[in-house]
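What follows is a set of notes on a single structure, which appears directly below.
The values are calculated or read from the model by the stated rules, or taken from the named source; none is laboratory data. Everything numeric here is computed off the predicted structure, so don't read it as measured data. We place every Cβ from the backbone using ideal geometry, glycine too, and count neighbours over all the protein chains shown. Accessible surface is based on the protein model in full, side chains and every heavy atom, while ligands, DNA and RNA are left aside. Shrake-Rupley method; radii C 1.70, N 1.55, O 1.52, S 1.80 Å.
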Amino acid sequence: MALGIAVTVFAFSNMSSRAQSQIAEPEIEFDIPAQPLDVALEAYIQATGLQILYKSALTASRNSSPVTGKFTPQRAIERLLAGTDLVASQTSEGAFTIRPLAVEPDRAVGAQRVVDYDAFLGLTQQRIIRSLCQNAMTRPGGYRAALQFSIGSTGLIEDPALLDTTGDDVRDRSLRGALWGLSIGQSPPANMPLPVTMIIARRSYQDECQRYIHENR
């Protein structure tokens, strides 16, 4: 799907971008072969522990490049995306964004839209994780889930669905229930492509959930 500006894939880490800029990224051992992009991104998630939000159509009919050896997460995702016409950057929420290499006639307008998308989807990630942390069944850390949803003009999550089961029917229903009607707190930016897919890897967000539970006792 051709777009005037970049559409975003969000890979959320557990550290702010400011903190990341002050700490050298460690290198991780990767062994990801060339394969369908959505499968490669899943392998990347498992290797890094990062979370991913992306417009679902981005991965369709695209294949990754192989990533073998020790790389920082940033360098690895750049290699993985080589030849896909997608490019990675980082958001203010400590996230990686993946965008189509689209030509933007007005670069200033395009850059502002990118900032708007980054900020809004960073807020979306925060609201979703806080919601999931409230219930032991949906609390991240012990399961893997691929969630897909839209966001209405009033800022409420609509039509949440799981792209695959977590292996527990009760958890699957609880995840959909936690997202349905969840308020992001503001309307999405104009022309933001939807739906969005968010992948929650195992061993993620335990610290965030513990802090949230402690703060709300």
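Quick notes on this one:
- Modelled spin-label separation between Ser153 and Asp169, with each label point placed 7 Å from Cα along the Cα-to-Cβ direction: 3.9 nm.
- Relative to the current alpha-carbon distance between Ala161 and Leu101, full extension at 0.36 nm per residue lengthens the span by 18.7 nm.
- Expressed as a whole percent, the accessible surface of the range 133-208 that belongs to carbon and sulfur atoms is 45, based on a 1.4 Å probe.
- Each label was represented as a point 7 Å from its Cα along the Cα-to-Cβ direction; for Ala82 and Asn135 these points are 4.4 nm apart.
- Nitroxide proxy distance, nm - points 7 Å out along Cα→Cβ at Arg62 and Arg176: 2.8 nm
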